[in-house]
Amino acid sequence: MIVGIASALVGYLYCKCLKIGFDLLWRQFPSSNLSKAIPASKHILCIMTLGGAIVATLSTLLFPSLFSAHDYVHVLSEESDRDCNNTNKMDKFPGVKKIFPLLGLSLLTSISGFSLGPEAPMVGAGSLVGVNLGRRYIKSKEKSGDSSRINASKLEETFAYAGAAGALTGALNFPLAGPIFALEFTSRRAGLAGAAGKNWDAVMLASFAGMAVIRGLLAPTAHIGGHFTYRKAAIGLLHGREMVLAGLGVGVCGAVVGTCFHKSVSLLKNAIWSKKESSRAVVIGKKVLLAMLIGYISTLFPQTMFWGEPSMQCMVDGQCTPFSATPHGIPAAMMQAARVNPNEPFASGSAALQVGLAKFSAIALASAAKFPGGVIFPLLSNGASLGHALVSALGPILPTATSSLVSPMMIMSFMASLLTSITRTPAASVLILAFTASGITPLSALLPGALMASYVSVWVSERLSKDSFFSYSE
């Protein structure tokens, strides 16, 4: 329980800082005298380049080896408690001090406008909180002479899973999806690693303990439930054959796009970062140039900015909700150069595809440049825009009745399948969508197809490529 509460508090406070940072940088600064020297149309490019330069400089000079979700996956996917050198695998988790640069740099990255979110930092920070609390507990038992029955490696492993689940729950309000994501995340297949399954009870306890403190004490009046609406009416029709065909087809599409994503990131990394050791000045210069490129993409497609969750409704309903009306909306003067107006519904499938490709590029470039941050909500947002493009392309063969749920089911399924192709978390991905959906969303009709697409995506992804975005040890 202590691990869940402590890690949930970390997640809760981190997201509070995200909101404050966004407000300062994108609401208050543009209206201050300091910003008058920057033309409004260049504001996005300048802020993202400057933010990228700060993160690049700090990460290269002071924190070259940040602990990340990649490390969480790599270590915990080892089935054995001991690696080939017969050392405790949990020793690879660093001390608690490593939490601060991880959270600080990922915070700067996200509020600067990059399409990377808090999810991976929460997994990394939460697991570090858990492991280090476990180590303190073990030391206390050793001092009292009562440590003979403690398996240090297994205890730290349990606390790592529990900490990741608690942080996700505290930050993103994932009461069930968070712990399941933390467990599924360490297996490259559609299931749980052996160690993950054994820690189910502890992870659930940590998540619900964290939720009780955050929702019961710190935010007692905050509304429970999601807010993403996939269609305006709560009543609609979806037939079995439609659900099966759409679920299978969209699952394959999500797997293909997800495989293209991690292959693109891998190719970019190989092209940008040579095997020969580069000077730190060169490393910083490359990251700044990449930040500038991402800033240019964001200037042309401002709806691709930020980590996604506060502005995802704009993508879910095909921009029927204006970008400016979302919590991540920025002044219209900054969006003068937008190729696709972010405050108007997609005029065509081509418009949705342009936004989807721009979002895809922004996430891939930020990941390849090694900027710290997560991809959960960025990929969900990307899946929504690409889903609209797919629905538009298949328009002539889709049901024409306004009561049909085929189109919203395809959007939700594309979101789930794209994320699952990268994170290999089929059940958690669908649960994330379920817990973030509004009360009028007909989940009983939409979720079966989304769940089918999510699992199909994992199975197809395994056959499309032996490699994956995250490095598994199993």
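The values are calculated or read from the model by the stated rules, or taken from the named source; none is laboratory data. Please read these numbers as outputs of a predicted model, since none were measured by experiment. Virtual Cβ from ideal backbone geometry, glycine too; neighbours counted across all protein chains shown. The area values use the complete protein model at the heavy-atom level, side chains included, leaving out ligands, DNA and RNA. Shrake-Rupley method; radii C 1.70, N 1.55, O 1.52, S 1.80 Å.
Observations, loosely collected:
- For segment 122-151 and segment 274-297, distance of Cα centres in Å: 39
- The largest accessible area among Ile20, Ile44 belongs to the first residue in Ile20, Ile44, and the rest follow in falling order (1.4 Å probe, all chains).
- Residue-level accessible surface for Leu205, protein heavy atoms, 1.4 Å, Å²: 90
- Gain on full stretching of the segment that runs from Arg149 to Glu79 - 0.36 nm per residue minus C-alpha separation: 23.1 nm
- By accessible area with a 1.4 Å probe, ligands and nucleic acids excluded, highest first: order of Ser444, Ser438, Ser274: Ser444, Ser274, Ser438
- Accessible area (Å², 1.4 Å probe, nearest 10) - Val456: 20
- At R0 = 41 Å, FRET efficiency that the Cβ-Cβ distance of Leu237 and Trp459 yields, to 0.05: 0.90
- Separation of the Leu13 and Glu344 label points, Cα + 7 Å toward Cβ, nm: 4.6
- Residues Arg241, Arg27, Arg189, Arg135, ordered by accessible area of protein heavy atoms at a 1.4 angstrom probe radius and largest first, appear as Arg241, Arg189, Arg27, Arg135.
- Stretching the chain fully between Lys269 and Val244 yields a gain of 5.3 nm (0.36 nm per residue, less the alpha carbon separation).
- Modelled label reach - Leu218, point 7 Å along Cα→Cβ, segment 151-187 residues with backbone N closer than 11 Å: 167-173
- FRET efficiency, Val96 to Ala325 (Cβ-Cβ, R0 45 Å, nearest 0.05): 0.65
- In this structure, the pairs whose alpha-carbon distance is over 28 Å, taken from Lys139/Lys198; Lys16/Lys370; Lys16/Lys139; Lys97/Lys466; Lys19/Lys276; Lys139/Lys370, are Lys16/Lys139; Lys97/Lys466; Lys19/Lys276; Lys139/Lys370.
- From the coordinates of this entry, Cα Rg over 2.2 N^0.38 Å is computed, and it appears in (i) 0.95; (ii) 1.22; (iii) 1.40 under the label (i).
- For Leu62 and Lys198, the FRET efficiency from 1/(1 + (r/R0)^6), where r spans their Cβ atoms and R0 equals 60 Å, is about 0.95.
- Reach of Lys98 by Cα under 20 Å, taken over aspartates and glutamates that are not fewer than 8 positions away in the same chain: Asp71, Glu119, Glu156, Glu157
- Heavy-atom accessible area per residue - segment 403-467, 1.4 Å, Å²: 28
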